[in-house]
Amino acid sequence: MRSSRFVRFLIRKEQKGESTLLQLRTSLHFLGGFNCALSVFCIALAIAGELFTDARQWQLIFGFLALTHGTQFFCNLPVAIREKKGQAHAWPVFKGPMFFIFVTDAVLMIADAVAIAVL
């Protein structure tokens with residue numbers, strides 16, 4: 001939700017142009033709101049999970065969450081590969097907050113897929 005602050009992690013100083021920054025800040029604010037809504041959804045599931053009594057309901061929820069984490073992980077993967085090869089890349093994936101996000105999305109995608117298989 002703090003897009004102006006997060007832009008510093010994504011864009012190197014020499015690449016910052018005013019129109020790029022405005023577009024990125026706006027996009028990040030939008031994505032932050034989306035991720036905030038997903039977080040509230042997960043908290044609500046943790047609090048009121050007893051509302052879902054059928055394994056198929058939980059499989060649907062875990063499937064949605066696996067897809068959510070998976071798309072974020074796989075969208076970051078090409079950036080990470082380019083960084084690892086020393087090629088130009090959009091943002092650093094292997095250090096700072098983006099590394100935490102990258103690893104967390106991978107772990108949660110796998111955990112959600114395992115939950116689907118176990119149910």
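The values are calculated or read from the model by the stated rules, or taken from the named source; none is laboratory data. On a predicted model such as this, the values are computed, not experimentally measured, just so you know. As a convention, Cβ positions derive from the backbone with ideal geometry for all residues, glycine included, and neighbour counts pool all protein chains shown. When the accessible area is computed, the model is the full protein with side chains, heavy atoms only, and any ligands, DNA or RNA have been set aside. Shrake-Rupley method; radii C 1.70, N 1.55, O 1.52, S 1.80 Å.
Assorted remarks:
- The number of residues in segment 71-112 being basic (Lys, Arg) and in a helix (DSSP H, G or I) comes to 2.
- For first residues located in segment 71-96 and under 23 Å from ALA113 (Cα atoms), partners that are modelled with pLDDT of 90 or more and open to solvent by 80 Å² or more (accessible area, probe 1.4 Å) and lie 6+ apart or on another chain with Cβ distances below 9 Å form the pairs ALA80/PHE94.
- Considering segment 39-70, and only residues there that are outside any helix (DSSP H, G or I) and either touching a Pro at 6+ places or on another chain (Cβ under 8 Å) or of a type outside the set (Asp, Glu) (or both), the residue that is surrounded by the most Cβ atoms within 10 Å (Cβ to Cβ) turns out to be PHE52.
- When ASN35 is tested against (1) surrounded by 11 or more Cβ atoms within 10 Å (Cβ to Cβ); (2) at pLDDT 90 or above; (3) farther than 16 Å from ALA111 by Cα, only condition (2) is not met.
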